[in-house]
Amino acid sequence: MLGKWLGVGVLAAMQLLAADAIRFERHFPGAVPERFEVRLSQDGTAVYTEAGEHALELPVGPRAAGRVFELAAKLDFFSRPLRSRRKVASTGRKLLRYESGGDVRGEAEFDYSEDSNAREIASWFIKLCETHQHLQELERVFRFDRLGVNQALVNLDQAYERDRVVAAELLVPILGRIAGHDRIVHLARARAEGLLEKIRRTQHEQ
């Protein structure tokens, strides 16, 4: 598995050492998962947690983190309200918190925000959650359900085309294993190689 499970002691040490971090939480009854949390450090390390589960470290990279921190600066590091009073369909309660040197510099909670920067940050974290779910599914089918690999790749490809995947480099190791495994059907191996090529091309263009 690409991610790394972290114990409570290691997490505490990370939080003390990291100078600045952005914490995002979403609680959305009926969604999968209903609740998740991500703590993103400036070095590009994201610590992902679902309710009742262990924390998982996801190396999303400094480039992706830099964009999120840039947006946070435009929002005064969440020191002002972001909640909209407009009545819109609920997409879940969201919380953004900026931590600096172990202190909370700003915190804002909203379901919907009219600020495009706030929506972009929330969207990035939600897409990270979805990317992690694709990663988990690919690792599961690769280990336990080889016949299900192709459908999992179809679902990932569709998500990629809809721009629902971020930090796609997280997927490269498992896609590489699928593409190079001679016991995976040729169609799935070719689809995995096609996804790898898309990711390489996108990274080259950035």
Please work out if GLY52 is among the small types (Gly, Ala, Ser), free of Cβ contacts under 8 Å to residues at least 60 places away in the same chain, surrounded by fewer than 20 Cβ atoms within 10 Å (Cβ to Cβ) and at positive phi. yes
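This table checks each residue for (1) open to solvent by 30 Å² or more (accessible area, probe 1.4 Å); (2) of a type in the set (A, V, I, L, M, F, W, C); (3) over 18 Å from THR49 (Cα atoms).
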site: TYR112; (1), (2), (3): yes, no, yes
site: ILE126; (1), (2), (3): no, yes, no
site: LEU138; (1), (2), (3): no, yes, yes
site: ARG143; (1), (2), (3): yes, no, yes
Can you tell me which of (1) in contact with an Asp or Glu (Cβ under 9 Å, 6 or more places away or on another chain); (2) more than 19 Å from VAL166 (Cβ to Cβ); (3) open to solvent by 40 Å² or more (accessible area, probe 1.4 Å) is the one PRO62 doesn't meet? (2)
One residue from ALA167, ALA159, ALA122, ALA192 being on the phi > 0 side of the Ramachandran plot, among the hydrophobic types (A, V, I, L, M, F, W, C) and open to solvent by less than 60 Å² (accessible area, probe 1.4 Å): ALA167
Could you go through segment 18-31 and let me know if any residue there is crowded, with 18+ Cβ neighbours inside 10 Å, at pLDDT below 95 and more than 15 Å from LEU95 (Cβ to Cβ). yes
Taking the residues in segment 76-97 that are on the phi > 0 side of the Ramachandran plot and not in a loop (DSSP other than H, G, I, E, B) as candidates, determine which candidate is farthest from the chain's Cα centre (by Cα). ASP76
With the first residue restricted to segment 187-206 and required to be within 17 Å of LEU170 (Cβ to Cβ), and the second required to be open to solvent by less than 80 Å² (accessible area, probe 1.4 Å) and of a type in the set (Asp, Glu), Cβ contacts under 8 Å at 6 or more apart or on different chains are LEU195/ASP157; ILE199/GLU169; GLN203/GLU169
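The values are calculated or read from the model by the stated rules, or taken from the named source; none is laboratory data. This one's a predicted model, so the numbers in the text were calculated from it and none came from an experiment. Don't worry about glycine lacking a Cβ; one is built from the backbone with ideal geometry, like all the others, and counts go over all protein chains shown. Side chains are part of the model used for accessible areas, which takes the heavy atoms of the whole protein and leaves out ligands, DNA and RNA. Shrake-Rupley method; radii C 1.70, N 1.55, O 1.52, S 1.80 Å.
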